[in-house]
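The values are calculated or read from the model by the stated rules, or taken from the named source; none is laboratory data. Values in this document were obtained by computation on a predicted structure and should not be read as measured data. Here Cβ is always computed from backbone atoms with ideal geometry, including for glycine, and neighbour counts include all displayed protein chains.
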Amino acid sequence: MTSETITADAAGTWTLGDLTVNRIGFGAMRLTGSAAFHFGTPSDRQRSMAVLRRAVELGVNHIDTAAFYFSSLRSANEIINSALSPYPDDLVTVVKVGPFRDYSGEWATPARPEDLRGHVEENLRQLGRDHLDVVYLRRMGQDSVAEHFGALAELRQEGLIRHLGVSDVEPRHLAEAQAIAPVVSVQNRFGLGSASAATEEVLRICGEQGIAFVPFFAIAGGGGARGATTDHDEAVLSVARAHDATPAQIRLAWTLAQGPHVLAIPGTGNPDHLAENIAAGAIRLTDDELDTLNSVHQKAG
């Protein structure tokens, strides 16, 4: 079976509140170009739109985006709107709020609680939606998330938001948010060889409570926003050879193997990489391979 014939349901499904999604989704950050948070080379708009449409054809029904995903000529939300509107009924669109960039592209002061309504409304406008399926509060270093999350909970009560999530949090922040409103998903940085002790604990708690855990930079590893790492441990390369797969696919497969509640949102502007990312959902690692990769993870940690 070639990558092009494997669809996003190969990894199974999970529910975000009452919304069922395939565990392999799509992250929109890289749709805008070579430097999503800076003014690097802008993407080819038609190619980015084609990648999105192909993702949906391959069964992706969970797209992660944000109004602050833009480069000099491209906005991820605008590309999504142009490519996919009118949206398929089963497509779940999630956004993050909290970080803020001004129109010059520079990072500005993180949003205050009273700013979040405007940020939600901007995402709605750019996406052409009357509500957002899931909105994450991305914690920006603050000790307490109560005020910010409370502001989003009010917008949920008004019907602008269907479900809520939190991002870049420790267990105490998750509990703090849950005391205010239900949390359907947590999004933290996590990948093979890249996770904090607090995030490992959040991963465990989410599994126990049936909350989705959606790691970002699962492929990129230490590369982060700069892009996928090329520094692969020999053990990763060996497992990749055994499955006739790429190291990136093995990283995704390992991530998904951390629990049925773990989702993946790999992003790309490359149609070949898109097919490879989705095909990773069909890889089943053996117990011995998982033990080997877990050792790599623990050694790096």
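The listed residues are Thr246, Thr286, Thr255, and the only one of them that is in contact (Cβ under 8 Å) with a residue 40 or more places away in the chain and of a type in the set (Ser, Thr, Tyr) turns out to be Thr255.
Restricting to segment 52-109, give me the number of residues that are over 13 Å from Gly128 (Cα atoms), among the polar types (S, T, N, Q) and free of Cβ contacts under 8 Å to residues at least 40 places away in the same chain. Matching residues across segment 52-109 total 4.
Assessment of segment 64-74 against the conditions (of a type outside the set (D, E, K, R), touching a Leu at 6+ places or on another chain (Cβ under 8 Å) and modelled with pLDDT of 95 or more) yields at least one matching residue. Scanning segment 151-169 for residues that are free of Cβ contacts under 8 Å to residues at least 40 places away in the same chain, buried (at least 17 other Cβ atoms within 10 Å of the Cβ) and in a loop (DSSP other than H, G, I, E, B) yields a count of 2.
Pairs are defined by a Cβ separation below 9 Å, a sequence spacing of at least 6 or placement on different chains, a first member in segment 116-127 that is within 17 Å of Asp102 (Cβ to Cβ), and a second member that is of a type in the set (Phe, Trp, Tyr) and surrounded by fewer than 22 Cβ atoms within 10 Å (Cβ to Cβ); the pairs so defined are His119/Phe100.
Being in contact with a helix residue (DSSP H, G or I) (Cβ under 8 Å, 6 or more places away or on another chain), closer than 14 Å to Arg117 by Cβ and aliphatic (A, V, I, L, M) is the filter here; which residues of segment 142-159 pass it?
Ala151, Leu152, Leu155
Scanning segment 171-195 for residues that are of a type in the set (Ser, Thr, Tyr) and touching a strand residue (DSSP E or B) at 6+ places or on another chain (Cβ under 8 Å) yields a total of 1. When segment 246-269 is limited to residues that are out of contact with any strand residue (DSSP E or B) (no Cβ under 8 Å at 6 or more places or on another chain) and crowded, with 23+ Cβ neighbours inside 10 Å, the one that is nearest to His62 (Cα to Cα) turns out to be Thr268. When segment 270-301 is limited to residues that are surrounded by fewer than 18 Cβ atoms within 10 Å (Cβ to Cβ) and hydrophobic (A, V, I, L, M, F, W, C), the one that is modelled with the highest pLDDT turns out to be Leu290. Suppose we keep only residues that are free of Cβ contacts under 8 Å to residues at least 60 places away in the same chain and acidic (Asp, Glu) within segment 128-143. Which one would you say is nearest to Val166 (Cα to Cα)? By that ranking, first place goes to Asp143.
For segment 207-218, the condition of being buried (at least 20 other Cβ atoms within 10 Å of the Cβ), in contact with a Pro (Cβ under 9 Å, 6 or more places away or on another chain) and modelled with pLDDT under 95 holds for at least one residue.
Residue-by-condition table, conditions (1) out of contact with any strand residue (DSSP E or B) (no Cβ under 6 Å at 6 or more places or on another chain); (2) surrounded by 15 or more Cβ atoms within 10 Å (Cβ to Cβ):
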site: Pro86; (1), (2): yes, no
site: Leu91; (1), (2): yes, yes
site: Trp107; (1), (2): no, no
site: Pro110; (1), (2): yes, yes
site: Glu114; (1), (2): yes, no
site: Gly118; (1), (2): yes, no
site: Tyr136; (1), (2): no, yes
site: Arg139; (1), (2): yes, yes
site: Phe149; (1), (2): no, yes
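Among the residues of segment 162-204, those that are under 25 Å from Asp233 (Cα atoms) and of a type in the set (A, V, I, L, M) comprise Leu192, Ala195, Ala197, Ala198, Leu203.
Residues considered: Gly25, Gly17, Gly98. Of these, the only one that is closer than 19 Å to Ala253 by Cα and either modelled with pLDDT of 90 or more or touching a His at 6+ places or on another chain (Cβ under 7 Å) (or both) is Gly25.
The single residue among Ala179, Ala67, Ala83 that is in contact with an Asp or Glu (Cβ under 6 Å, 6 or more places away or on another chain) and not charged (D, E, K, R) turns out to be Ala67.
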